[in-house]
Amino acid sequence: MADQTRKLVVEFDQEQLKLLDKLKKEKEFGENYKDIIVRVFRNYVRQELGQGGVR
Amino acid sequence: MISYGEPKVDIVLQPVSGKALPVYQGEVLRITQLGDGQCVDFNCFNVHDYKEHMSVGHMRRQGFRIRKGDLIWSNPPRFNPMMAIMEMPQTCSTDLLASRCHAGLFEVIFGLENHPNCQDTFAEAIGEYGLTPDDVHDSFNMWMNSGWDDAGGYQIRKNTGLKGDYVDLLALMDVLAVPIVCGSGDIITVSNFCLKSIQVQVFHRSDETEVIVQDYLRRYTGLKNQRTVDTFRIKDIRTERELSPIQGYEPHFVNYPITLEEIEIELSEEDYEQLQILKEQGLGRSDEEAIRTAVMSWYYKNRAMKPWLGRKA
């Protein structure tokens, strides 16, 4: 069975986006907001729940 | 042991008195207990611009009980390191919560209409420099053994200070330092129900103190947002007491209005399940809120600088 995905729309303000831009420059989490948000979320999960991580 | 210069001031402050003293960059103010356990309240102004003064509220970001190595900070938007605590014994508990005692307090609590109090002592001391009672600000209290709890309770406990204890404050800028002998300690426990004198000394700068000052300034100054008066939109200090609006004034709020950008993301089923677990744990009420909270919390934890003015996260 193919992996299912869920689409969500998340709002960020201009200052929050400036911080995501800093992550964009690092390139570790991707080069667009969409990838960065998902990968940072997975890192948060790993830190808080002890699962997941950068994938 | 760091060498200071020769003493230029050496005085004894009797109970319920105080003194405003210029202490210039590199000089050290020493406050010494002449008896066991006398609370000392402290105010501090930029000697070149009295509107810049110590901000106890912002000093609390270092911890509620500041100690050796911590700093006396000025009020934002100035936000400058004013003095550094060079020496402070363990027996000197510090307090940043109690503000300062005042005459009204003793009138309410004890029915005493003319009891010595820190507000009036500060006012009399700074009056020498033309400052008014309104210029007294919340004090940094030394040898004040206060305590608090998670429920918001606040207590003042027995003073743990010892005769001979001293605190050294190194001036990182030119300041008007105002140590005073707290006047409440005869009727509340803050000074163990007995008022004592304190010794106050100011030592000239030395080569060693100058090196330390420069090290502090290198570490704690240089921000664009340590602002000076020339950057203020309103620069002049009002002389009229009555307030009235400036015709045509429009506030320039920072980043106003806040704008929002919608970003569509895709989560795997596993990601989504984890998101639901986090929501149940209180991360957010909606999926969107939980994602944003996770991302921004991660950033704060992993990328934000260590608190710049404090010793603790």
- Message: Keeping all protein chains in place and using 1.4 angstrom, which order do B:K19, A:K27 fall into by accessible surface area, from largest down?
- Response: A:K27, B:K19
- Task: Using the charge dipole of the range B:7-227 (Lys, Arg: +1 at Cβ; Asp, Glu: -1 at Cβ; taken about the Cα centre), state which of B:M82, B:V12, B:S99 has its Cα farthest towards the positive end.
- Result: B:M82
- Message: At 222 nm, what value in deg cm²/dmol follows for the protein assembly as shown if DSSP H runs of at least 4 each add -39500 (n - 2.57) and the sum is divided by all its residues, to the nearest 500?
- Response: -8000 deg cm²/dmol
- Once the Cα gyration tensor of the range B:7-227 is found, what semi-axes does its equivalent ellipsoid get, as square roots of 5 times the eigenvalues, in whole Å, sorted largest first? 27, 19, 18
- Message: Loop only by DSSP, 10 or fewer other Cβ within 10 Å of the Cβ. Give me the GluC sites (Glu not before Pro) in the range B:224-282 that pass, ordered by residue number.
- Response: B:E240, B:E242
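Which whole number in µm²/s is D for chain A by Stokes-Einstein, with the Kirkwood Rh taken over Cα pairs at 10 °C and 1.306 mPa s?
129
Other chains near A:29-39: what is the mean number of their Cβ atoms within 10 Å of each residue's Cβ? Mind showing how you got there, number by number?
Numbers: counts 0, 0, 0, 1, 4, 4, 2, 3, 8, 7, 2.
Taking all residues of A:29-39 together, the mean is 3.
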- Note on the structure: If the chain between B:D230 and B:S3 were fully extended at 0.36 nm per residue, the gain over the current Cα-Cα distance would be 78.0 nm
- Message: Using the crude model of +1 on Lys and Arg Cβ and -1 on Asp and Glu Cβ, and no other charge, please compute the dipole size for the range B:167-263 relative to its Cα centre, in debye to 20.
- Response: 140
- Query: Along the Cα-to-Cβ line of B:L112, 7 Å from the Cα, sits a label point; which residues in the range B:166-200 have backbone N less than 12 Å from it?
  - Reply: B:183-191, B:193-195
- Query: Order of A:4-13, B:53-62 by packing, highest average Cβ count within 10 Å first?
  - Reply: B:53-62, A:4-13
- With 5 Å bins from 0: P(r) over the range B:3-42, alpha-carbon pairs, percent: 5, 16, 32, 23, 15, 9, 0
- Item | Value of D in µm² per second that Stokes-Einstein yields for the protein assembly as shown, Kirkwood Rh from Cα pairs, at 37 °C (0.692 mPa s) | 136
- Note on the structure: Flagged as over-length at 30 Å C-alpha distance, from A:K7/B:K224; B:K224/B:K301; A:K24/B:K279; A:K18/B:K68; A:K24/B:K235, the pairs are A:K7/B:K224; A:K18/B:K68; A:K24/B:K235
- Item | Size of charge dipole - chain B - debye, nearest 20, with Cβ of Lys, Arg +1 and Asp, Glu -1, no other charges | 900
- Message: With unit charges on the beta carbons (Lys and Arg positive, Asp and Glu negative) and the dipole taken about the Cα centre of the range B:258-303, which residue among B:L278, B:L260, B:Y300 sits farthest to the positive side?
- Response: B:Y300
- Message: Just want to confirm a number: the relative contact order over chain A, from Cα pairs under 8 angstrom separated by 6+ residues, in percent.
- Response: 19
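The values are calculated or read from the model by the stated rules, or taken from the named source; none is laboratory data. Only a predicted model underlies this, so the values are computations on that prediction, with no experimental measurement involved. Cβ: placed from backbone, ideal geometry, glycine included. Neighbour counts: every protein chain shown. Side chains included, ligands, DNA and RNA excluded: accessible areas come from the protein's heavy atoms. Shrake-Rupley method; radii C 1.70, N 1.55, O 1.52, S 1.80 Å.
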